[in-house]
Each structure stands twice: as C-alpha cells, then as structure tokens.
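In what follows, a structure is listed as structure tokens, so that the remarks can point back to it.
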Amino acid sequence: MKSIILLIFTILSISVTAQELEVEILNDIFVELIGEEHYLKSIAPPPPPIPADSIIKCNPTLWTKETISELRILGEKYDIIKKNRQIDDRQLIVFVNEKLENDTVELKNWSNEILEKVSDFTTTDFINFPKLGSLYIEINKLNNTGRFTLHKLSDRKLYSNTDKIKVVGQVILSRIYLNEQKNSGFLFYTYYFDPNHSFTNLIFIEKKYEKWIILKTELVEIS
C-alpha cells in the first residue's frame, strides 16, 4: 500500500512540476507569441510591392514607369501610416486552450534536411522526445500577458468586437518539448484570426539568463 501511495505521489509531483515549468515558459514568451502589433489600431493592407526587374521586363506594357511610380508613392504613404498607427485602447481579448496537447506526430514526416535548416535538432531528436500526454493549465496562471486579457476557448461566443473590446483571436498551444537539460525546446502555436482561417508555427525556445526567449519561428501550415 505504501509503495502505491508513493508512486501516486511521485506521479502527481512530476505532473505539477511539468505544469509549473510550462506555465513559466508561456509567461515568458506569451506577449511575443501574440505580437505587440495588436496593441495598435488596425490599418488597411499594404499596396502590392514593386516587382523584380525581370518581371517588369517580361511585361513592360503592364509595368510602365507611371505604374511603378504610383506603387512607390503608395508604398511611401503606407509606411507613414504604419509608422504613425495609434494605440488601440480597447480591451484586448485572446482565447486560449486550457488543454495542451501532444503534437509531435506532426514532425514524423519531416526530413532531417528540413529540420537542419530550422534548428539544431534532428528528426531523431524530435521522435525520441518523451511521449508527453495532455496537460491542463489554469488560464489565470498565465499572468505575464501584457495588455492581453485571456479567456477560455469555451468563452469565444460570449465576446465580439465593440467600441470597448477587440477580439485579437483564438490561440491553440501544444505541450512544450524540452531537452534533457531543460534549457531549450519547441512548441506548436496555432493562431485563428477568424473562425475559418489560421496558421500554425513551430516555435523554438531557449532559456537565457533565467528567462525563456523565442529563438526562431517557422511556419508549418496555413488554412
């Protein structure tokens, strides 16, 4: 009986430690994950860029000097507007999943060649990471979130954009996979900017000077 109680206590201790560590990491990187550009008021999309000379030469009728000049002027005006964007003083709401899932299966089809381009890890490193199960986190423990106010995914239908509220988006976070030294690793981050459109990034992280930072972000999927 004592051995069973000890085993249960050990499992619970490991679970709590994992939760605390992953919450610590998310608190350190959360604002950068979401992006401080959401602090600013939205602006119209930028004008199309001026194409490369090779493209211009292939279609001189379309890309006249006047057209290129107009695009250049539009680009300069856009840069001024972007530089002078005003602060959006509404409450900024982000919806976050409470259940962090194991997403390493997504990596099994990646080749070593691809992985070597994006990190110091190899396919073997990824596949041999401990098989992590799901992990529940308490949203209120994510408290280093800048101006963002967090809500559970289940609250999504309770809020919409108003003159006092800005719905930034919906975020799905994976479990965080760490090396044995627990000083570097990765996670998946999916951001829904509307109910039907999202992108997923592979986020590489590292601990420096007692703080977790984002080393590199690689786009995995757009839908």
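The values are calculated or read from the model by the stated rules, or taken from the named source; none is laboratory data. From a predicted model like this one, the values you see are computed outputs, not experimental measurements. Using ideal geometry, Cβ is built from the backbone for each residue, glycine included, and neighbour counts are taken over all protein chains shown.
If you check Ile165, Ile137, Ile127, which single one turns out to be modelled with pLDDT of 55 or more and in contact with a Lys or Arg (Cβ under 7 Å, 6 or more places away or on another chain)? It is Ile165. For segment 169-223, taking the residues that are without any contact (Cβ under 8 Å) to a residue 60 or more places away in the chain and of a type in the set (Lys, Arg), the one that is farthest from Gly133 (Cα to Cα) is identified as Lys208.
Remark: Lys216 falls outside the filter, which requires a residue to be of a type outside the set (A, V, I, L, M), in a strand (DSSP E or B) and modelled with pLDDT of 90 or more.
Of note, Asn109 does not satisfy the criterion of being surrounded by 10 or more Cβ atoms within 10 Å (Cβ to Cβ), at pLDDT below 95 and assigned to a loop (DSSP other than H, G, I, E, B). On the stretch given as segment 53-103, residues that are in contact (Cβ under 8 Å) with a residue 60 or more places away in the chain and of a type outside the set (S, T, N, Q) total 10. When restricted to residues that are basic (Lys, Arg) and under 13 Å from Leu142 (Cα atoms), segment 18-44 contains 0. Pairs are defined by a Cβ separation below 8 Å, a sequence spacing of at least 6 or placement on different chains, a first member in segment 130-156 that is buried (at least 16 other Cβ atoms within 10 Å of the Cβ), and a second member that is of a type in the set (Phe, Trp, Tyr) and in a helix (DSSP H, G or I); the pairs so defined are Leu142/Phe30; Thr145/Phe30; Arg147/Tyr39; Phe148/Phe30. I'd like the full set of residues that are part of a helix (DSSP H, G or I), of a type in the set (A, V, I, L, M) and modelled with pLDDT of 85 or more, limited to segment 1-47. Hits for segment 1-47 are Leu21, Val23, Ile25, Leu26, Ile29, Val31, Leu33, Ile34.
Being modelled with pLDDT under 90, exposed (fewer than 13 other Cβ atoms within 10 Å of the Cβ) and out of contact with any His (no Cβ under 8 Å at 6 or more places or on another chain): is that true of Glu180 here? Criteria met by Glu180.
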